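Encoded as structure tokens, the structure appears first; notes follow it.
The values are calculated or read from the model by the stated rules, or taken from the named source; none is laboratory data. Treat the numbers as computed from the prediction; the structure is a model and nothing was measured. Note that each Cβ is placed from the backbone with ideal geometry, even for glycine, and that neighbours are counted across all protein chains shown.
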Amino acid sequence: MASRALFPTLILQESLVRPGWPAFNRSLADECCSLAVSDAAGRRWSARHYLGGYTSYGSLDRLHLVSSLFDRLRRRIDPVVKRFARSLHYDLRGRTVAMTDCWANVMPEGVVHSMHLHPTSFISGTYYAAVPRGAGALKFEDPRLSRQMAAPPRRADAPERFRSFVGVPAKEGDLVLFESWLRHEVPPARFSGERISISFNYGWTPQIGSPKPGR
């Protein structure tokens, strides 16, 4: 009997770079760095939860609603998220998919973002505005890891789809999407400069007046 793969875990990585995008990317990175200086509440939150770096997650977490630059990024991400959701075979009939949260992250050398997931959303992701050479990858954890109990370790040469952890290298201008329940982290890395990213969540709501799916 042939074996078959069930319950896939999909991750999308795609470049958003278009003509004129490098200048836009620099503007995004500059705005993130400006926030890191001006956002006193965010700096206080980061001092407790994001040691050595800055994130607006605890202070300004809906940047797409207050900044035209971040809203422009949101408009570019929207169709990719909807395409990704369709590839996951979600039934989106009569449902609106929209960005709910959006925040900036500035990570100098050695800063760690420990293993976590994104509750109350169904698709999450990160866009990279600035990535110095050697900056940390986005590391994903096999969601079944806690249920493997007495399993032996995987071989060092195991194919990527069988590994317990997989790192997706950060690349300037790239978008990475994943389902919000998938645990991930940014391990420490040695590099010069600042790794600047914009993270976000998407949720769904029923469309007003839409018939129920299947009718």
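Brief remarks follow.
- Failed condition for Arg144, given (1) crowded, with 18+ Cβ neighbours inside 10 Å; (2) farther than 28 Å from Ser27 by Cα; (3) charged (D, E, K, R): (1)
- Index of the failed condition, Gly136 passing every other in (1) surrounded by 15 or more Cβ atoms within 10 Å (Cβ to Cβ); (2) modelled with pLDDT of 95 or more: (2)
- Within the set Asp91, Asp101, Asp71, the sole residue that is in contact with a Pro (Cβ under 8 Å, 6 or more places away or on another chain) and either on the phi < 0 side of the Ramachandran plot or hydroxyl-bearing (Ser, Thr, Tyr) (or both) turns out to be Asp91.
- Output for the stretch 152-193, where each listed residue is without any contact (Cβ under 8 Å) to a residue 60 or more places away in the chain, within 30 Å of Phe24 (Cα to Cα) and surrounded by fewer than 14 Cβ atoms within 10 Å (Cβ to Cβ): Pro169
- Strands (runs of 3 or more DSSP E) lying entirely in the stretch 153-205 (those with 1 or more residues that are over 13 Å from the mean Cα position of the chain (by Cα)): 165-168
- Whichever residue in the stretch 4-41 is surrounded by 10 or more Cβ atoms within 10 Å (Cβ to Cβ) and among the charged types (D, E, K, R) and, among such residues, is farthest from Ala129 (Cα to Cα): Asp39
- Residues of the stretch 117-151 that are in contact with a helix residue (DSSP H, G or I) (Cβ under 7 Å, 6 or more places away or on another chain) and free of Cβ contacts under 8 Å to residues at least 60 places away in the same chain: none at all.
- 3 or more residues aliphatic (A, V, I, L, M): qualifying strands (runs of 3 or more DSSP E) within the stretch 92-141: 95-108, 123-130
- Residue within the stretch 199-208 that is over 30 Å from Leu60 (Cα atoms), out of contact with any strand residue (DSSP E or B) (no Cβ under 8 Å at 6 or more places or on another chain) and free of Cβ contacts under 8 Å to residues at least 40 places away in the same chain present: no
- The set of residues from the stretch 42-59 being out of contact with any Cys (no Cβ under 9 Å at 6 or more places or on another chain), surrounded by 13 or more Cβ atoms within 10 Å (Cβ to Cβ) and part of a loop (DSSP other than H, G, I, E, B) comprises Tyr50, Gly52, Gly53, Tyr57, Gly58, Ser59.
- In the stretch 60-91, the residues that are closer than 19 Å to Ser38 by Cβ, in a loop (DSSP other than H, G, I, E, B) and either modelled with pLDDT under 95 or not small (Gly, Ala, Ser) (or both): Leu60, Asp61, Val66
- In the stretch 124-168, the residues that are within 24 Å of Val17 (Cβ to Cβ) and of a type outside the set (A, V, I, L, M): Ser124, Gly125, Thr126, Tyr127, Tyr128, Pro132, Arg133, Gly134, Gly136, Lys139, Phe140, Gly167
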